Amino acid sequence: MKFKLVTLFVAIAFITNAQPQILDKVIAVIGKNPLLLSEVETNLLQQKEKGDLSEGARCKVFEDLLFQKLLLAQADRDSITVADAELDGELNKRINYYVNMLGSEEKFEAFYGKRISVFKDELRDDVKNQIMAQKMQQKVTGDVKLTPSEVRTFFSTLNVDSFPLINSELEIGHIVKKPPISDDAKKEVRSQLETYRQRVLNGESMSVIAALYSEDPGSAKNGGRYETVMRGVMVPEFEAVAFRLKPGEVSEIFQTAFGLHFIQLISRKGESLDLRHILMSPKVSQADIFKAKMQLDSIRILITEGKMTFQEAAAKFSDDPDTKQNGGTLVNPSTASTKWELEDLGQMDQNLVFMFENQMKVGDVSPVIQYIGSDSKQSWRILYLKSRTEPHKINFKDDYTKLLSMATYDRQKKSITSWITKKSKTTYIKISDEFNSCKLEYSWTIVP
């Protein structure tokens with residue numbers, strides 16, 4: 001059983017063009033905002049595709065969308081705005097997600113039968129409304145920060161005997177070893193990249209050169225182009241260079257974890273950049289790959305023979321900057337804690353599920369295995385099973401993180417309940433007879 005902090009906000013379905021056409025009609029009006037039948041049906045289709053369509057789902061989706069429209073009505077009253085750069089960044093992030101799913105922009109445009117620019121224009125108003133509603137919900141719920149005493153008070157209100165067992169959870173760590181790149185390989189790539197840079201400076205098209213030679217799979221097919229790049233999207237080294245450039249300027253060659261780059265800035269709108277870049281990565285020899293494996297195997301022997309703890313070895317030898325300072329411990333991105341259920345591990349790699357469920361005991365260190373990190377390059381790692389809990393009834397000592405999420409969710413939901421009760425009294429709300437039979441969770445004041 002999982003207790004993860006979730007939002008009550010239900011977004012308008014993003015890829016509406018992928019759904020069958022629905023005979024549309026207005027089924028509710030909230031303030032000046034109509035709620036369409038297609039919005040309910042599209043959300044239901046998406047839930048069905050994900051396999052989480054439960055009994056009463058239609059009424060639940062309907063009420064969630066009522067809440068969204070009420071948030072939007074209040075956001076308009078409170079003059080909440082969305083900057084163009086913020087909206088463009090969100091549109092690009094969402095479209096890039098689906099482009100990656102389909103494989104390329106060409107496949108995306110073929111699937112939906114329209115150019116990406118047209119697709120973005122059609123979605124612009126819907127996504128803007130989503131962002132406004134999200135901002136309004138954040139105002140409603142506030143920044144909830146509960147003390148341990150408040151979490152304990154919440155725990156005391158629970159009927160623990162009615163809870164299903166909490167699944168077994170693991171704490172795991174890893175030590176990563178990346179094959180070294182020789183100075184000669186770096187010099188060779190830098191020299192070749194400088195040749196391309198000089199060609200751009202001499203007037204050749206960077207778009208053509210990037211399409212021919214860039215090794216960045218995300219942009220090479222588009223002539224190295226990235227649009228509406230906001231701060232926080234790219235790695236820090238990339239942004240440090242990009243945000244210093246003037247329109248038309250070509251950067252010097254610089255290095256990130258992905259390889260060597262240079263950038264040409266196309267335009268800048270506030271804190272939003274359109275740019276082109278070329279990436280090339282020095283090649284690692286098979287001998288260096290084997291050498292890295294042998295180094296990590298030696299580190300593993302030091303640990304298993306008790307000459308060094310796993311945590312000490314991680315701090316001294318690991319090439320993963322995100323984990324080496326905390327003893328190699330991996331943080332679960334779904335919960336922001338160090339606890340992992342097997343289901344969470346399966347989302348990363350099904351082989352990890354088999355390894356930790358059937359092969360490893362607490363304190364064990366795995367053999368050296370291949371690993372592809374966030375830089376998409378081959379490396380090696382060893383895994384460590386630090387702890388494992390058995391399935392158990394929820395308790396304050398072992399499950400504080402879960403209880404904190406539950407208590408925070410409960411506090412936020414109470415804020416939303418109170419807000420809906422209050423704001424629905426001062427907002428025009430009318431729903432069609434088709435949804436009158438729905439048993440709504442919140443207390444709505446609806447025009448008869």
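Just so it is clear, none of the values below were taken in a lab; they were calculated from the coordinates. These numbers come from a predicted model, not from an experiment. Cβ placement follows ideal geometry from the backbone for every residue including glycine, while neighbour counts extend to all protein chains displayed.
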**OP:** Using just the alpha carbons, could you tell me how many Å³ per residue the convex hull of the stretch 268-341 encloses?
**Re:** 188 Å³
**OP:** Could you work out how far the C-alpha centroid of the stretch 347-426 sits from that of the stretch 29-68, in angstrom?
**Re:** 29 Å
Original post:
So what's the chain giving for Rg/Rh, alpha carbon basis, Kirkwood Rh from the mean inverse pair distance?
Top reply: 1.01
**OP:** Report the chymotrypsin sites (Phe, Trp or Tyr not before Pro) located in the stretch 398-444 that are in a DSSP loop and have at most 14 other Cβ atoms inside 10 Å of their Cβ, or state none.
**Re:** TYR428
Original post:
Going highest first, how would you order 67-75, 331-339 by mean Cβ packing within 10 Å?
Top reply: 67-75, 331-339
Subject >> Ratio Rg/Rh, restricted to the stretch 183-280 and using Cα atoms, in which Rh is the Kirkwood radius >> reply: 0.94
Original post:
Counting each DSSP H run of 4 or more residues in the chain as -39500 (n - 2.57), what helix-only mean residue ellipticity at 222 nm follows after dividing by all residues, to the nearest 500 deg cm²/dmol?
Top reply: -14000 deg cm²/dmol
Original post:
How would you order 312-323, 287-298 from highest to lowest mean count of nearby Cβ atoms within 10 Å?
Top reply: 312-323, 287-298
Subject >> Set of lysines with alpha-carbon distance to LYS187 below 20 Å, sequence-local pairs under 8 removed >> reply: LYS178, LYS283, LYS377
Subject >> Coil-residue trypsin sites (Lys or Arg not before Pro) of the stretch 394-448, DSSP, other Cβ within 10 Å capped at 12 >> reply: LYS397, LYS425, LYS439
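Report, in listed order, any pair from LYS25/LYS439; LYS413/LYS439; LYS69/LYS139; LYS135/LYS269 with a Cα-Cα distance greater than 20 Å. Spell out each step's value before the answer.
Values: LYS25/LYS439 22 Å; LYS413/LYS439 18 Å; LYS69/LYS139 15 Å; LYS135/LYS269 23 Å.
Check vs 20 Å cut-off fails for LYS25/LYS439; LYS135/LYS269.
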